[in-house]
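The values are calculated or read from the model by the stated rules, or taken from the named source; none is laboratory data. All of these numbers come straight from a predicted model, not from anything done at the bench. For neighbour counting, all protein chains shown are included, and Cβ atoms are generated from backbone atoms with ideal geometry for every residue, glycine included. For accessibility, only protein heavy atoms count, side chains too; no ligands or nucleic acids. Shrake-Rupley method; radii C 1.70, N 1.55, O 1.52, S 1.80 Å.
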Amino acid sequence: MAANSSSTGNKSGSGGGGKQSGLTAEQVVATFQRMRQEQRSLASKAAELEMEINEHHLVIDTLKDVDPSRKCFRLVGGVLVERTVKEVLPALENNKEQISKYIETINTQMQTKGRELTEYREKYNIRLVSEGEAESQGQTATSTQNSEGGASKSGTGVLVS
C-alpha cells in the first residue's frame, strides 16, 4: 500500500507542538499500517477457523448417522489413520469446541486491536484516503473538521491509503 502524508504545519520544525512523542509522519503511517495488518491477519485467521468449524460440523453430522463400529479414516498430522466412528466422533466434537474457544479469543483480540487503532487514529489525526477524497481533499475540509470536531489543535494530520 502506498502511504501519503499531508500537513499544514512544518514537519521538521523544532517549534512544532503537534506530535506528542516526536514521531515523524512516516513513522506514524508505518505503525498505523502495521496495526491494520495485524487486525487483518486476526480476521483472516478467524475466518479460516470458522471454515474449519463448518467442516467439523458437516463431518460430525454425517458420522452421527453411521454405525459406531464402522471403520473410518482420519488425517492426523499429515498421516491417514484408521479408526472406528466411535473413536473419531468424540475427538471431532472436542476439536470443534477447542476451535470455537480459540475463535472467541481471536475475536476479543480483534476488538482490542480495533480500539487501539481508533485511539491511534484520533491521537495522530489519521484519515484514510477514502475519507480524504470524500472531503474534497481541500484545506477547507480539514479546517472545518478541526473547528467542528476539535480533532487536532495543531492542524496537522496524516493521510493513509
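Scanning segment 28-63 for residues being at pLDDT below 95 and basic (Lys, Arg) gives a total of 0. Of all the residues in segment 58-108, those that are in a helix (DSSP H, G or I) and either within 28 Å of the chain's Cα centre (by Cα) or under 30 Å from Leu42 (Cα atoms) (or both) number 25.
Yes or no, residue by residue, for (1) over 30 Å from Thr31 (Cα atoms); (2) surrounded by fewer than 14 Cβ atoms within 10 Å (Cβ to Cβ):
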| site | (1), (2) |
| --- | --- |
| Glu52 | yes, no |
| Val59 | yes, no |
| Gln98 | yes, yes |
| Asn107 | no, yes |
| Arg115 | no, yes |
| Arg121 | no, no |
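The set of residues in segment 74-84 that are in contact with a strand residue (DSSP E or B) (Cβ under 8 Å, 6 or more places away or on another chain) and either of a type in the set (Asp, Glu) or at pLDDT 95 or above (or both) comprises Leu80, Val81, Glu82, Arg83, Thr84. Could you say whether any residue in segment 144-157 is modelled with pLDDT under 95, of a type in the set (S, T, N, Q) and open to solvent by 70 Å² or more (accessible area, probe 1.4 Å)? Checking segment 144-157: at least one residue is modelled with pLDDT under 95, of a type in the set (S, T, N, Q) and open to solvent by 70 Å² or more (accessible area, probe 1.4 Å).
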